[in-house]
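**Student:** The structure follows.
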Amino acid sequence: MEPRAESPRGRSARREPRDAEMSRALARAASAVRRLIAEKNDKKAVEEAKRAHKIYATAESEALLTEAYLARAKGLAGRGLVAEGRLVLDLLDERHPASRERVADLRIAFAGRAGDVDSLLRPLCDPDLPAARRTAIEQAIARQLTDPSRIADSTVLPAGHPLREAARALVRAFELATSRPVTDDEIALAEISRRSPLSAWKLLVRAIALFHRGDDGGCRRSLAAIDPDAAPARLAPILDALMSGEGTEKLRGAAARLAARIRGADDLLREPFALLDRALSERKQKEIFQRIQDAVRACGESAPALLDPLRQRISIRCLLLGLDANRVASACGGPSLKDAHFWRLFARAAEIKGDPAMAAGLWEEFRRNAIAQGWFRAGGIEEAAVYLYMAEIVRRYSPDELPDVRRSYEMRIGNGFANYYRGQPEEVREAAPKASSPGDRLYFLDPDRLYAKACAIDPDAEDFRAWLEWTKEGGGDAAALDRVAEKWRDSAPSDPRPILALMESAEKRKALQKALGHLERAEAIDGLNPEVRRARLRLEIATLVRHLQQRKSHLADKDFARLDALPQAKDGDRPSAIAAFRWVCAKIRGDQAGLRASEEEIATGLRSPAAAALVVRAAARACSLPAPLLPPLPAPPAAAGDGRNLADLARACTLGRDLNLKIEIPRPWRETLIAETATAAGAIAARPLRWLAESAVDQGEDQLAFALSNLGLALGESEAGWSLLVRAQSLPETLSERRCRCAATAAEIGRTQGDRDLVEQAIELVREEVSGPFSIFPSGAPLPPELTSLTPDKMRKTIAEERKASAYPKAGEGRPSWLGEDEQEEEPRHEDESPFDAVYDFLESSGVFDEESGEDEDDDDDDDEFIPGMPRGLPPEITKAMFQAMLRQVSQGRIPESFEDLVHRDPTLRATMEKFLAEQIGRLKPPARKKPPKKRKDR
Amino acid sequence: MSEREHPFEILGLSPEARDDEIREAYLRKVKAHPPERDPEMFERIRDAYEALRDPRRRARSLLRGADPEAPISSLLDGRAPERRFAGPGPWLGALAER
């Protein structure tokens, strides 16, 4: 039997199941190819697709093969093998023409990536180019174009083509914006619309222009508007780093070179400058000079504007190292510019080297040059500040040292710094010092003249005060002080302070009427001023004391009446002090009822018999009441566990300080009081404790003062300043280093607390110690840094150490071996009641030494100067002996504070006076005695 | 403001700066470092301005503003980086490399 021929239906019925099967197989193959494409295994994907197409040879398999080839081409281009990718596209084009459309799109992308601008542009000449293709080309241009001149110069596009014209305008604008400042019109680029493939470039040009203008905000806005996919967006991070100054160190290659070109020199100079710094710190001379040359050369090439500051800095650094200036100048390729910058550096260097005189001279050079260069104007406040600064520097010398300092400066510097100006530019030479008299030339070494210049420009109260302090420090006479105060008054007529200064000056020389006149003027300006009110009380008391000294009780009554009317006389314990003066007045008059009333008032007010007695004694002594007339010293009290005796004494000392009365600390009380300090913590408030401690120092009660400073240190940080000063003052002189340390710490604390008095006293003590016989520092040097630059840690350490060291140093502790055994400790300055004192007081009160004066006259003040406490009308031999004694004391580094102090310290003067007094007493005629009646003889 | 921070340096001014330049520099710096964003720097800027607007304090800062012992490298500190014109080449070179 022959096989029957199949019917068409049968054949299709058999094909249908086969087609479905093939579809499913092709679908599986497609899935596998696409998976390989996704895995970027495009080579295998092509092989699989080829196999499938060979098997199935359908349109679907061809499409799959095209897809695989396109993926392969993209893969190759993605790996940088653009040429290979293009070959794949060519093959695809040739073998599978149906894929031409898809290939064309990819060709555009490849052309852009390869920089084949011509291939990219060519299709644009076709007027029938589909819109989609045109868009793809333009997108490729936008994303891939890294040089618009490729379009501007391309011959593929005809001249006049809008894109080519736009590119030409763009190239011109880009060149301008990267080469010089441009106006907005120059970079307007109207030819480029927002949709143009060159629009991102237009924004880049604008961003660069704004960057160079310094308009960072505008630059950033333009950058933000650039399509992130566009080629110009790749420069945004570089611009951002250049604007912020951060991240430029991370740039590499062409970006780093661009940044270096734009930022200029700094990056190129860091290394040579760092090497020079290292050479200077290691002090290797040979290397220093080599590195100087390198740095100067690099600077000259990269940043010529920095050359002058560099040379100046080098010359001063080398000066501080002591290197030869000519060699340095030679290494720098020439001398540094001697302008204000230079002189300022030089002056600061002189300060660091501890040469205040040289520093002052250099600040003078700076002043002239700064004015010439326009840093500030002549006669301006800044110039005043320079004068003040110079005065502060020169005040590091004591007034006594200054004449020698000037002589030494003249010898050292001679014609000033004129040599430095040789070879300098004309504008610098104009500021060179002009010829002047030696007095004018060295004015900067005279604080008085510096203050005068500063205050003439800027009459500031603090500056006048500093000037006054200097005048006092310099031992200025009353006339000198008054001149300064008068200048201050003239510049500030509504300020009571200069008038108070004039008042104090008059008061000091006992010209009380004059002082009262000044006070009235001060009260007219500001009667409520606390200083003015205190001054009124003080002067009234001083007038009262004078009248009582002169035994003019009727005038004293008027003084009491005025005091009774003074509101400030009723504050605190003041009424008790005034009652003490009433006691003195009653004593002079012999008014027993008055005495009793006063005693009762004082006892009621002070509630302490001991304090009352001390206040009365102080008032009586102030009024020169002879010793026999003084109330007796209270007996030494029993030590009180609650510090009562200390508290009473402190209260008396506070009152004494308030009213300028010297409260005597009875010597017999010393041991009791010292013992009481051990248990008196917290018994006395800070202020009274301070005044008590200072009184102890003043009276030479060093051990008591030391013990009181323990109490002060226990009160806390706020009282540490004065406590340490008292500690310093009370320590034996042989413990110079410890005294220095305490005083320096006290000064620093005083500065932070604004306690001017504390600072002045402490610095004075430091100076004395530094130049004293037991000093550990070289003589004549400025205060060493370890005493002027105390850190908080050092201060805390000193406070802690002194708190611990609460026992008074043993005798001989710290005594240097070179101090001979025959040196005696000086006796404490203490007002002993010796027969000499009694005789002397008696003679004084009897008027032996006084000049005649009228009964009702209120003695006018005389403006004669005298040593505090010095009696008037001393005979010549006593005066001569007194001056000789002064010379002896001063040569031993001691300056007696008063006439009494001098007498106590100098045994020779004491002996001379005793002899003189004995002679005087011998000359006193005995009173005429009536002859006793003759006894009648009994007959 | 510490001892070593000189008001002129904080505001980026030369010693010759005039009153109007000081004020402009202050406003510029405050804008760049507002208190809510950078309170510490704002305080330093304000302190520097207070020091310089008073002629006496300004003069004081001027006198103490020089440190002769400062490293040579410190000449580069605080300098506003230059913005030199590099021409089109370096820009295009950087773009092509990226």
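The values are calculated or read from the model by the stated rules, or taken from the named source; none is laboratory data. If you're wondering where the values come from, they're calculated on a predicted model, not measured in any experiment. A quick note on method: Cβ atoms are made from the backbone with ideal geometry, for glycine too, and the neighbour counts reach across all protein chains shown.
**Student:** Specify which of the listed residues (A:LEU321, A:LEU306, A:LEU280) is touching a residue at least 40 places away in the same chain (Cβ under 8 Å) and touching a Cys at 6+ places or on another chain (Cβ under 7 Å). Show your work before the answer.
**Tutor:** Working: A:LEU321 fails: touching a Cys at 6+ places or on another chain (Cβ under 7 Å); A:LEU280 fails: touching a Cys at 6+ places or on another chain (Cβ under 7 Å).
Answer to the selection: A:LEU306.
**Student:** For residues that are among the polar types (S, T, N, Q), more than 8 Å from every other protein chain (Cβ to nearest Cβ) and free of Cβ contacts under 8 Å to residues at least 40 places away in the same chain, tally how many sit in segment B:47-79.
**Tutor:** Applying the first criterion (among the polar types (S, T, N, Q)) to segment B:47-79 yields B:61, B:73-74.
Among the residues that remain, those that are also more than 8 Å from every other protein chain (Cβ to nearest Cβ) are: B:61, B:74.
From what is left, the residues that are free of Cβ contacts under 8 Å to residues at least 40 places away in the same chain are B:74.
So the answer is 1.
**Student:** If you take the residues of segment A:170-191 that are more than 14 Å from every other protein chain (Cβ to nearest Cβ) and within 27 Å of A:PRO123 (Cβ to Cβ), which of them is surrounded by the most Cβ atoms within 10 Å (Cβ to Cβ)?
**Tutor:** Step by step, filter segment A:170-191, then rank; the result is A:LEU189.
**Student:** With the structure loaded, tell me whether A:ASP42 is at pLDDT 85 or above and acidic (Asp, Glu) or whether it fails that test. Spell out how you get there, then give the answer.
**Tutor:** Working: at pLDDT 85 or above: yes; acidic (Asp, Glu): yes.
It is true that A:ASP42 is at pLDDT 85 or above and acidic (Asp, Glu).
**Student:** If you scan segment A:266-291, which residues turn out to be in a helix (DSSP H, G or I) and among the basic types (Lys, Arg)? Reasoning before the result, please.
**Tutor:** Looking only at segment A:266-291, we keep the residues that are in a helix (DSSP H, G or I), and these are A:266-282, A:285-291.
Across segment A:266-291, the qualifying residues are A:ARG270, A:ARG278, A:LYS286, A:ARG291.
**Student:** With respect to A:LEU268, determine if the residue is surrounded by fewer than 17 Cβ atoms within 10 Å (Cβ to Cβ) and within 29 Å of B:GLY87 (Cβ to Cβ). Spell out the reasoning first.
**Tutor:** On the way: surrounded by fewer than 17 Cβ atoms within 10 Å (Cβ to Cβ): yes; within 29 Å of B:GLY87 (Cβ to Cβ): yes.
Judged against the criteria, A:LEU268 is a match.
**Student:** A further question follows. Could you list, in sequence order, the residues of segment A:565-586 that are surrounded by fewer than 23 Cβ atoms within 10 Å (Cβ to Cβ) and in contact (Cβ under 8 Å) with a residue 12 or more places away in the chain?
**Tutor:** Residues of segment A:565-586 surrounded by fewer than 23 Cβ atoms within 10 Å (Cβ to Cβ): A:565-575, A:586.
Matches in segment A:565-586: A:LEU566, A:GLN568, A:ALA569, A:GLY572, A:ASP573, A:ARG574, A:PRO575, A:ALA586.
**Student:** Any chance you could count how many residues in segment A:475-497 are free of Cβ contacts under 8 Å to residues at least 60 places away in the same chain and surrounded by fewer than 14 Cβ atoms within 10 Å (Cβ to Cβ)? Don't jump to the end; show me each part of the working.
**Tutor:** Taking segment A:475-497 as the starting set, the residues that turn out to be free of Cβ contacts under 8 Å to residues at least 60 places away in the same chain are A:476, A:479-497.
Checking which are surrounded by fewer than 14 Cβ atoms within 10 Å (Cβ to Cβ) leaves us with A:479, A:490, A:493-494.
Residues that pass the stated criteria total 4.
**Student:** Name the pairs: first residue in segment A:602-616 and over 15 Å from A:GLY572 (Cβ atoms), second residue of a type in the set (Phe, Trp, Tyr), Cβ to Cβ under 6 Å, at least 6 apart or on different chains?
**Tutor:** Matching pairs, first to second residue: A:VAL616/A:TRP583.
**Student:** Which of (1) surrounded by fewer than 21 Cβ atoms within 10 Å (Cβ to Cβ); (2) acidic (Asp, Glu); (3) within 22 Å of A:ALA678 (Cβ to Cβ) does A:ASP591 not meet, given it meets every other one?
**Tutor:** (3)
For (1) at pLDDT 90 or above; (2) in a loop (DSSP other than H, G, I, E, B); (3) under 19 Å from A:ALA492 (Cβ atoms), each residue gets a yes or a no:
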residue	(1), (2), (3)
A:ALA431	no, yes, no
A:ALA435	no, yes, no
A:GLY439	no, no, no
A:PHE444	yes, no, no
A:ASP448	yes, no, no
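**Student:** Here's another thing I want to ask about it. Taking A:ALA298, is it hydrophobic (A, V, I, L, M, F, W, C) and within 27 Å of B:ARG84 (Cα to Cα)?
**Tutor:** Values: hydrophobic (A, V, I, L, M, F, W, C): yes; within 27 Å of B:ARG84 (Cα to Cα): yes.
Answer is yes for this residue.
**Student:** If a residue has to be at pLDDT 90 or above and facing another protein chain (nearest Cβ under 7 Å) to count, how many in segment B:80-95 make the cut?
**Tutor:** Filtering segment B:80-95 for residues at pLDDT 90 or above gives B:85-95.
Narrowing further to those that are facing another protein chain (nearest Cβ under 7 Å): B:85-88, B:90-95.
Residues meeting the conditions: 10.
**Student:** Might you let me know whether segment A:98-108 holds any residue that is among the charged types (D, E, K, R) and either part of a loop (DSSP other than H, G, I, E, B) or farther than 30 Å from A:LEU198 by Cβ (or both)?
**Tutor:** Let us first name the residues in segment A:98-108 that are among the charged types (D, E, K, R), namely A:100-102, A:105, A:107.
Still in the list and also either part of a loop (DSSP other than H, G, I, E, B) or farther than 30 Å from A:LEU198 by Cβ (or both): none.
Checking segment A:98-108: not a single residue is among the charged types (D, E, K, R) and either part of a loop (DSSP other than H, G, I, E, B) or farther than 30 Å from A:LEU198 by Cβ (or both).
**Student:** Would you check which residues across segment A:553-562 are in contact (Cβ under 8 Å) with a residue 24 or more places away in the chain and either in contact with a Lys or Arg (Cβ under 7 Å, 6 or more places away or on another chain) or buried (at least 22 other Cβ atoms within 10 Å of the Cβ) (or both) and list them?
**Tutor:** Matches in segment A:553-562: A:SER553, A:ALA556, A:PHE560.
**Student:** Quick one: count up the residues across segment A:314-338 that are charged (D, E, K, R) and either modelled with pLDDT under 90 or not in a helix (DSSP H, G or I) (or both). Step through it out loud before you land on a result.
**Tutor:** Within segment A:314-338, the first condition is being charged (D, E, K, R), and the residues that meet it are A:317, A:324, A:327, A:338.
Keeping just the survivors that are either modelled with pLDDT under 90 or not in a helix (DSSP H, G or I) (or both) gives A:324, A:338.
Counting residues in segment A:314-338 that are charged (D, E, K, R) and either modelled with pLDDT under 90 or not in a helix (DSSP H, G or I) (or both) gives 2.
**Student:** When the residues of segment A:194-235 are narrowed to those that are within 20 Å of A:LEU176 (Cα to Cα) and hydroxyl-bearing (Ser, Thr, Tyr), which ends up farthest from the chain's Cα centre (by Cα)?
**Tutor:** A:SER199
**Student:** Which ranges mark the helices (runs of 4 or more DSSP H) fully within segment A:192-265 that have 3 or more residues being buried (at least 18 other Cβ atoms within 10 Å of the Cβ) and within 11 Å of chain B (Cβ to nearest Cβ)? Break it down stepwise before answering.
**Tutor:** Values: elements: A:199-213, A:216-225, A:236-244, A:253-263.
Helices (runs of 4 or more DSSP H) meeting the threshold: A:199-213, A:236-244, A:253-263.
**Student:** Restricting to segment A:342-384, give me the number of residues that are within 20 Å of the chain's Cα centre (by Cα) and either part of a helix (DSSP H, G or I) or at the interface with chain B (Cβ under 7 Å from one of its Cβ atoms) (or both).
**Tutor:** Filtering segment A:342-384 for residues within 20 Å of the chain's Cα centre (by Cα) gives A:344-354, A:356, A:359-360, A:363, A:381-384.
Narrowing further to those that are either part of a helix (DSSP H, G or I) or at the interface with chain B (Cβ under 7 Å from one of its Cβ atoms) (or both): A:344-352, A:356, A:359-360, A:363, A:381-384.
Result for segment A:342-384: 17.
**Student:** Go through segment A:29-74 and give me each residue that's under 15 Å from A:ARG95 (Cβ atoms) and hydroxyl-bearing (Ser, Thr, Tyr).
**Tutor:** Within segment A:29-74, A:SER61, A:THR66, A:TYR69 qualify.
**Student:** Does any residue of segment A:168-191 turn out to be under 16 Å from A:ALA73 (Cβ atoms), of a type in the set (A, V, I, L, M), touching a residue at least 12 places away in the same chain (Cβ under 8 Å) and part of a helix (DSSP H, G or I)?
**Tutor:** To start, the set of residues in segment A:168-191 that are under 16 Å from A:ALA73 (Cβ atoms) comprises none.
No, segment A:168-191 contains no residue that is under 16 Å from A:ALA73 (Cβ atoms), of a type in the set (A, V, I, L, M), touching a residue at least 12 places away in the same chain (Cβ under 8 Å) and part of a helix (DSSP H, G or I).
**Student:** Pull up segment A:296-313, narrow it to residues that are in a helix (DSSP H, G or I) and aliphatic (A, V, I, L, M), then point me to the one that is nearest to B:PRO71 (Cα to Cα).
**Tutor:** Residues of segment A:296-313 in a helix (DSSP H, G or I): A:296-302, A:304-313.
Filter once more, so that each one left must be aliphatic (A, V, I, L, M): A:296, A:298, A:305-307, A:310.
On the way: A:VAL296: 15, A:ALA298: 17, A:ALA305: 18, A:LEU306: 15, A:LEU307: 15, A:LEU310: 11 Å.
Per the stated criteria, the residue is A:LEU310.
**Student:** Take residues that are more than 29 Å from A:SER898 (Cβ to Cβ) and out of contact with any helix residue (DSSP H, G or I) (no Cβ under 9 Å at 6 or more places or on another chain) and tell me which of the helices (runs of 4 or more DSSP H) falling wholly in segment A:520-632 contain 2 or more. I'd like the intermediate steps shown before the answer.
**Tutor:** Details: elements: A:530-549, A:553-564, A:574-589, A:592-606, A:609-622.
Helices (runs of 4 or more DSSP H) meeting the threshold: none at all.
**Student:** Please tell me if B:GLU36 is more than 9 Å from chain A (Cβ to nearest Cβ), assigned to a loop (DSSP other than H, G, I, E, B) and modelled with pLDDT of 85 or more.
**Tutor:** Numbers: more than 9 Å from chain A (Cβ to nearest Cβ): yes; assigned to a loop (DSSP other than H, G, I, E, B): yes; modelled with pLDDT of 85 or more: yes.
Yes: the conditions hold for B:GLU36.
**Student:** Regarding segment A:292-305, can at least one residue be identified that is at positive phi and surrounded by fewer than 15 Cβ atoms within 10 Å (Cβ to Cβ)?
**Tutor:** Step one: filter segment A:292-305 for residues at positive phi, giving none.
No, because not a single residue in segment A:292-305 is at positive phi and surrounded by fewer than 15 Cβ atoms within 10 Å (Cβ to Cβ).
**Student:** Residues that are closer than 16 Å to A:ALA720 by Cβ, of a type in the set (A, V, I, L, M) and modelled with pLDDT of 80 or more: find the helices (runs of 4 or more DSSP H) completely inside segment A:741-824 holding 1 or more of those.
**Tutor:** Values: elements: A:756-771, A:785-788, A:792-804.
Fully inside segment A:741-824 and qualifying: A:756-771, A:792-804.
**Student:** Suppose the filter is modelled with pLDDT of 90 or more, in contact with a Phe, Trp or Tyr (Cβ under 6 Å, 6 or more places away or on another chain), surrounded by 15 or more Cβ atoms within 10 Å (Cβ to Cβ) and within 9 Å of chain B (Cβ to nearest Cβ); does A:PRO309 pass it? Before the answer, list the steps.
**Tutor:** Working: modelled with pLDDT of 90 or more: yes; in contact with a Phe, Trp or Tyr (Cβ under 6 Å, 6 or more places away or on another chain): no; surrounded by 15 or more Cβ atoms within 10 Å (Cβ to Cβ): yes; within 9 Å of chain B (Cβ to nearest Cβ): yes.
No; evaluated as a whole, the condition is false for this residue.
**Student:** Would you check which residues across segment B:11-20 are surrounded by 13 or more Cβ atoms within 10 Å (Cβ to Cβ) and either modelled with pLDDT of 90 or more or away from chain A (no Cβ under 14 Å) (or both) and list them? Show your work before the answer.
**Tutor:** Our first condition is that a residue be surrounded by 13 or more Cβ atoms within 10 Å (Cβ to Cβ); within segment B:11-20, this holds for B:11-13, B:15-17.
B:LEU11, the sole residue that qualifies.
**Student:** Just to verify a result, which residue in segment A:685-716, among those that are more than 35 Å from the chain's Cα centre (by Cα) and outside any helix (DSSP H, G or I), is nearest to A:LYS810 (Cα to Cα)?
**Tutor:** Here the residue is A:GLU701.
**Student:** Working only within segment A:689-737, note down all residues that are at pLDDT below 90 and crowded, with 21+ Cβ neighbours inside 10 Å.
**Tutor:** Within segment A:689-737, just A:SER736 meets the criteria.
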